[in-house]
1. If the elastic network links every pair of Cα atoms under 10 Å, which of B:Arg66, B:Arg306, B:Arg208 fluctuates the most in the Gaussian network model of chain B?
2. Taking the dipole about the Cα centre of the range B:53-139, with the C-beta of Lys and Arg at +1 and of Asp and Glu at -1, give me whichever of B:Trp69, B:Thr138, B:Gly121 is farthest to the positive side.
3. Defining a contact as two alpha carbons under 8 Å apart and six or more residues distant in sequence, what relative contact order in percent does chain B show?
4. Considering every residue in A:12-24, what mean count of other chain Cβ atoms within 10 Å of its Cβ is obtained?
5. What is the protein assembly as shown by shape, rounded, prolate or oblate, if you read a ≥ b ≥ c off the alpha carbon gyration tensor as root eigenvalues and call it rounded for a/c under 1.5, prolate for a/b larger than b/c, and oblate otherwise?
6. In nm, give the distance between the simple-model label positions of B:Trp69 and B:Gln316, each being 7 Å from the Cα along the Cα-to-Cβ direction.
7. Calculate the length of the line joining the C-alpha centroid of the range A:3-23 to that of the range B:4-78, in whole Å.
8. So the label point goes 7 Å from the Cα of A:Ile15 along Cα→C-beta, right? Which residues of the range B:119-141 then have their backbone N under 18 Å from it?
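What follows is calculated from the coordinates using simple rules that are stated; it is not laboratory data. Since the model is a prediction, treat every value here as computed from it, not as a measurement. Reconstructed Cβ throughout: ideal geometry from the backbone, glycine too, with neighbour counts over all protein chains shown.
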Amino acid sequence: MAQYAAVLIFLLLGIGLVLVTFFVARLIRPANPYKAKNQTYECAEQPVGDSWVQFNNRFYIFALLFVIFDVEAVFLFPWAVAFGQLGLFALIEMVIFIFILVIGLIYAWKKGVLKWV
Amino acid sequence: MEITEIFKYLYEQLAASGLPQVWVDIVALACAGVIVFGFLAVVALFLVWWERKVSAHIQQRFGPMRTGWHGWRQTIADAIKLLQKEDIIPTLADRPVFFWAPVIAFVAAFMAYITIPFGDGLIVADLNIGILFIVAITSFTVISLLMAGWGSNNKYALLGGMRSAAQVVSYEVPMVVAICSIVLFAGSLSMVDIVQSQAMIYQWYLFRLPFGPIAFIIYIIAGTAETNRTPFDLPEAEQELVAGFNIEYSGMKFAMFFLAEFINMFTVSAIGTTLFLGGWQGPFLPSWMWFLGKTLFLVFVLMWFRWTYPRLRVDQLMEFSWKFLLPISFANLILAGLMKYSGWFNW
């Protein structure tokens, strides 16, 4: 458990070091903002409208697929660690598990959601 | 004197100073963190310079030549320049999101180094969930990309951030499954255990036919995509998205994204070394030299990719991951299970 103190310390240290760097930069850099400079970049045009718009749901479908397969990976890791002790039974079980997920992948494939339109 | 002995000596000096044990450990870990930070800063500066030299020589140019011997001081000058640059925040930007995105990008890249073994005993903390921790923590990069894309309130940045998130997320799955096949053979998630299970060169997971090389190739392809490098650098496609998610960033905030990108490249190579190339193990030379040599070789391979392959189209990129890499990595995992069970190459 004590090992995980390193995680907390590195998290705080990482944030701290970045903020210190930003602070040092702030001391030596110029600051001269004006309206045109702070405008959103759009290839020398006046920006047209807001960019916080609704966008295509294909991103959402890939995110959904990712969640399914990443949760599966969470199940795969303990299985992989304990595989040496579990033997043939675990192997067959995992083949069935992966097989079910692959059926899901084939279904998504046939439905055409893997296509980036 | 070995590096580990120096650290041990310093730790003992600290312990003898009369501080309570808790504080000794905290100070030691904080020092380790600062050392890792310094190391990564130097590595990033070196890699930027090296990338420019490699790219130049592949294209029969020289690259930076005027600042010092073969331009070695060029990236130091660049870093100082970036430090002095004005920090421009667009009026329309979502300020807190815009501010924290580069911080998260850097911290996610930095924290992976808690459990990367630089050499025999040269590891900050040998977490028992080692590789799973690294996979989890480096995934936070996606959040920083999305935050940068959304917070900038810029159409190019938004498209770049979204593409990048979709890409990183898609390549994460085959990568994790490829890593899983190594964990299966090593029987442990700890990075140190994984290295120790490949003591001799014929024990390297790269050479455990037939599953090893397949897993390695899947890992390298997915790693290239995870770090958004050519041929998978769509998020930054200069010609269409001008710079992608980091277009509105300038000065130190941009530098943090840049730093995180090069650190991630080094991380991918370091994990590749640990999982497939026997980590720090090797004859004659000190262990950290073997680790650095192997890692820098993998970094060189990634650079080599960049100056050899053209960029993929976005639909090809997504289909390659879901329709090709993912089924292959599943088949490879089952193959690895069969090999482990039958005792084939299981020395």
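1. B:Arg66
2. B:Trp69
3. On the way: 477 pairs, mean separation 74.4, N = 347.
It rounds to 21 percent for chain B.
4. Numbers: counts 3, 11, 12, 6, 3, 9, 14, 1, 0, 10, 9, 1, 2.
The per-residue average across the peptide is 6.
5. Details: a/c = 1.66, a/b = 1.15, b/c = 1.45.
Note, shape of the protein assembly as shown comes out oblate.
6. That separation, rounded to one decimal, is 4.2 nm.
7. 16
8. Under 18 Å, as judged by backbone N against the label point of A:Ile15, lie B:137-141 of the range B:119-141.
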